[in-house]
1. Condition first: aliphatic (A, V, I, L, M) and either within 14 Å of residue 161 (Cα to Cα) or touching a Ser or Thr at 6+ places or on another chain (Cβ under 8 Å) (or both). Now tell me which residues in segment 32-60 satisfy that.
2. Criterion first (without any contact (Cβ under 8 Å) to a residue 40 or more places away in the chain and surrounded by 17 or more Cβ atoms within 10 Å (Cβ to Cβ)) does residue 74 satisfy it?
3. Please determine whether any residue of segment 27-43 is buried (at least 19 other Cβ atoms within 10 Å of the Cβ) and at pLDDT below 85.
4. What number of residues in segment 128-141 are under 17 Å from residue 100 (Cβ atoms) and either surrounded by fewer than 16 Cβ atoms within 10 Å (Cβ to Cβ) or within 10 Å of the chain's Cα centre (by Cα) (or both)?
5. Only residues that are among the acidic types (Asp, Glu) and crowded, with 16+ Cβ neighbours inside 10 Å: list them for segment 109-127, please.
6. Pick out the one residue from 146, 162 that is modelled with pLDDT of 95 or more and under 24 Å from residue 68 (Cα atoms).
7. List pairs: first residue in segment 163-177 and within 20 Å of residue 57 (Cβ to Cβ) and buried (at least 20 other Cβ atoms within 10 Å of the Cβ), second residue modelled with pLDDT of 95 or more and acidic (Asp, Glu) anywhere in the structure, Cβ distance under 6 angstrom, at least six positions apart or on different chains.
Amino acid sequence: MIYIRNLVSILLLALHGQGALKAPTYDALERLQTKISVESFSSVDMSSIAGHYASPPRELAKQLGGFLDGNDLYLFPDGTYIYCEWADVQPLTIYDKGRWTFSSGAVELKSDPDVTWDPEADRTYVAVRRRSQKKEVLLVGVHSDLPRFEAESQDNPELTLLYVAKKRDSTITRSKTARVKARLLRESWHPEEFKAKPTDHDKHIAKTSEAWRSAVSLAPLAVSLRRGRGRANSIGQRESPRFFYRPRQVAGTR
């Protein structure tokens, strides 16, 4: 009897441990599902998740006419990743790189030792797709993207999800991994820029940019889209300048 009780206790502890590992993923999925109909990728392996993810995605850029800033996440099939940001006043720049894992429907990022600064990006993403889009893969950051989605999704949850998530723009095969990675590192890896002390001018630009982003609300944009005024065809129209078109060069597409 003592042996059986001990065995049951061990099994319960093991199950509790597994639940603790999966809880953040399931919690994030449930929070998304209260707002929009999405499905998890918990039953697939890493090869099904690898690819180039863009935020904002091309689908949204086509609707709104383009953006002044964004980011790209490259999840390579060999288990490495590169995270970049770009803006109208900043070329494509690597902010983070390292290794990624995928388990229980979530992507986890761990930076390389030579990334000595804070990339200020999510480290855990839940992988989902809209039920109406069987071929898409969306990554929603658990710590920043998800709270933002919950706060801004009242009027148009589907549009908001595309706005905050990273959508897979293309897959990356093992044969292309070395070429894409080498080009990104050659053209966009500048660690010296993160180690330099920011000047007063840099601080002013950062503060102004943050104020600009805060002033642009997604809710009026959603209302604008419903009324048929959501797409700006040329610079100078009444839409927010944040959504003016800016061409973006994606590594490996030249």
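The values are calculated or read from the model by the stated rules, or taken from the named source; none is laboratory data. Computed from a prediction, not measured in an experiment: that's the story for all the values here. In this analysis, Cβ positions are derived from the backbone assuming ideal geometry, glycine residues included, and neighbour counts consider all displayed protein chains.
1. Within segment 32-60, 32, 36, 38, 46, 50, 54, 60 meet the criteria.
2. In short, no.
3. No, segment 27-43 contains no residue that is buried (at least 19 other Cβ atoms within 10 Å of the Cβ) and at pLDDT below 85.
4. 4
5. Of everything in segment 109-127, just one residue is among the acidic types (Asp, Glu) and crowded, with 16+ Cβ neighbours inside 10 Å, namely 122.
6. On the way: 162 fails: modelled with pLDDT of 95 or more.
The conditions single out 146.
7. Hits for this filter: 164/145.
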